[in-house]
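Here's the structure, in C-alpha cells; my notes come after.
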Amino acid sequence: MKSLFFYGTLRHVPLLSIVLGRPADLIEMRAASLADHAVHWADGQAFPMIVEGGDGAEGVVVSGLRDEDVARLNFYEGGFDYALKPVTVDTSVGAIATEVYFPEPGSWPQGDLWSLEAWSERWGEMSCYAAQEVMGYFGQKSAGEVADLFPMIRARATAKVNAKARNLAHSPSGFGAQDARVHNVNRPYVKYFALDEYDLTFRRYDGGQSEMVNRAVFLATDAMIVLPYDPVRDRVLLVEQFRPGPLARGDERPWQLEPIAGRVDAGETPEKTAHREAQEEAGIELRELHDVAHCYASPGCSTEYYDIYIGIADLPDGSDGVSGLESEAEDIRSYLFGFEDLMEMVDTMQAVNAPLVLAALWLARHRDRLRNAA
C-alpha cells in the first residue's frame with residue numbers, strides 16, 4: 001500500500017473515482033499541503049502544474065493505494081508527461097511522506113495561479129466524461145497511444161456535455177433515455193473516430209420491451225456549420241474540398257461544395273468554432289451569427305450533431321481563394337455565389353450537401369429580413 005498527494009484535477013472527487021475505478025466512499029483521503037510549492041495553470045491548457053516556490057500547494061493525500069490503483073493513476077497521468085516524485089506533506093495528523101506527480105521540466109509555460117473551483121465549473125464535467133473513455137482503454141492501449149487520441153476523446157466528451165446543456169427536441173411520446181437499457185457495449189474500432197456496438201432493449205409503444213437488438217453507432221463529435229452571407233451584395237461563400245465519404249460510396253465527384261464546417265473542440269462553444277473556422281477555411285470575419293438548426297446528422301447510426309448558422313460577413317470580389325490548415329492536410333477552395341445561383345443549385349439538385357441545402361432554404365425564408373437590417 002502507498003499514498004499519493006494530489007494538488008490538481010484529481011482533487012475533483014468524481015474524476016478521482018473514475019480513474020481509480022471505485023466509489024468515492026471507498027477512497028481514503030485527507031486534506032494536505034506541500035510547503036514551498038504553488039499550483040499554476042499550464043498556460044493555454046485546461047489543467048494545472050505544480051512548481052517549486054510559493055506559499056504552499058493545497059491538496060489531498062490519498063492512502064491505501066494498491067498496485068493496481070497506482071497502475072491506473074500512472075496510465076491516466078502518463079499521457080500528460082507527469083512522473084512521480086517523493087515529497088513530504090503536512091496534514092492534520094502530522095507530516096506524511098508520500099509522492100506527487102510533477103510535470104516533465106519545460107513541458108508547458110507557467111500560467112496564473114490555479115483554482116479548483118474555476119476548473120471544476122468549466123472543465124469538470126467534460127473531464128469526467130473524457131476520463132471514462134481514457135480508463136476504458138486501461139490494459140488495452142499504452143498511455144502514449146491514448147495521448148494521441150486525446151484531442152478527439154475530449155471533443156467527444158464535450159459533445160456529451162453539450163447534449164445535456166442544450167436540448168430542445170420535442171418528443172410526443174415522452175419517452176427518454178431511461179426507457180432504453182444498454183446491456184453491453186463493445187468498441188471494435190477507435191482512432192480519429194470510433195465505432196461502438198450496443199446490445200440493448202428499448203420501450204415499445206404497446207408498453208412492452210423490445211427484444212435484444214445489436215446496433216452499431218459511429219462516434220463522431222459535435223460539428224459547427226456556417227454559411228457566410230453578405231446581405232448587401234446578396235451573395236454567399238461556399239468552400240470545396242475532397243471528401244472521402246462520397247469516394248467510398250463510389251461517387252465520381254468526391255470534391256464537395258459545402259458551407260464552412262469544423263469540429264467543436266473542448267472548451268469551445270459552437271459560436272466560437274464558427275468564427276475560428278471562418279478564419280481558417282476562408283480567411284473571413286463573421287460579424288454575427290443566426291441560428292439555422294441544431295440537429296443530428298443521421299441519428300439511426302451516428303452521434304454526430306450539427307450546429308448550423310448563417311454568418312453575416314462582408315464578401316467583396318476577391319474574398320474567395322485557397323486556404324486551410326497544413327497541420328490537418330486541408331486544401332480548401334472558396335467560391336462566391338449570388339443568392340439566385342445558390343437557389344438554382346438547390347432547385348436543380350446540384351447541391352448535394354445536406355447542411356448546405358438546409359442553410360440555403362433557411363436563408364430563402366429570412367433573406368428579406370437580413371437584407372432590410374443590413
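Scanning segment 267-296 for residues that are modelled with pLDDT of 95 or more, among the small types (Gly, Ala, Ser) and crowded, with 16+ Cβ neighbours inside 10 Å yields Ala274, Ala278.
Restricted to strands (runs of 3 or more DSSP E) entirely inside segment 202-307, those with at least 1 residues that are of a type in the set (S, T, N, Q) are 213-219, 235-242, 255-258. Kindly check whether there is at least one residue in segment 208-222 that is touching a His at 6+ places or on another chain (Cβ under 9 Å), over 30 Å from Met343 (Cβ atoms) and either outside the structural domain of Leu286 (by TED's automatic domain parsing) or small (Gly, Ala, Ser) (or both). Yes, some residue in segment 208-222 is touching a His at 6+ places or on another chain (Cβ under 9 Å), over 30 Å from Met343 (Cβ atoms) and either outside the structural domain of Leu286 (by TED's automatic domain parsing) or small (Gly, Ala, Ser) (or both). Scan segment 216-223 and give yes if some residue there is farther than 30 Å from Asp179 by Cβ and not aliphatic (A, V, I, L, M), otherwise no. Scanning segment 216-223 turns up no residue that is farther than 30 Å from Asp179 by Cβ and not aliphatic (A, V, I, L, M). Taking Ala155, is it in contact (Cβ under 8 Å) with a residue 40 or more places away in the chain and either closer than 25 Å to Phe47 by Cα or not assigned by TED's automatic domain parsing to the domain that holds Leu73 (or both)? Answer is yes for this residue. In segment 37-50, the qualifying residues are those that are more than 23 Å from Lys2 (Cα to Cα) and out of contact with any Pro (no Cβ under 7 Å at 6 or more places or on another chain), and the one that is surrounded by the most Cβ atoms within 10 Å (Cβ to Cβ) is Pro48. The residue that is modelled with the lowest pLDDT, among those in segment 137-167 that are surrounded by fewer than 16 Cβ atoms within 10 Å (Cβ to Cβ) and farther than 26 Å from Asp307 by Cα, is Gly144. Elements of the type helices (runs of 4 or more DSSP H) sitting completely within segment 102-180 and holding at least 1 residues that are within 19 Å of Pro270 (Cα to Cα): these cover 125-136, 143-165. Beta carbons closer than 7 Å, at least 6 apart along the sequence or on distinct chains, pair a first residue in segment 211-240 that is in contact (Cβ under 8 Å) with a residue 40 or more places away in the chain and over 16 Å from His275 (Cα atoms) with a second that is among the charged types (D, E, K, R) and part of a loop (DSSP other than H, G, I, E, B) for Ala220/Glu304.
Kindly check whether there is at least one residue in segment 62-82 that is aliphatic (A, V, I, L, M), touching a Leu at 6+ places or on another chain (Cβ under 6 Å), within 24 Å of Ala118 (Cβ to Cβ) and modelled with pLDDT of 95 or more. Yes, segment 62-82 contains a residue that is aliphatic (A, V, I, L, M), touching a Leu at 6+ places or on another chain (Cβ under 6 Å), within 24 Å of Ala118 (Cβ to Cβ) and modelled with pLDDT of 95 or more.
The values are calculated or read from the model by the stated rules, or taken from the named source; none is laboratory data. Keep in mind it's a predicted model, so treat the numbers as computed, not measured. All Cβ positions, even for glycine, are placed from backbone atoms using ideal geometry, and neighbour counts span all protein chains on display.
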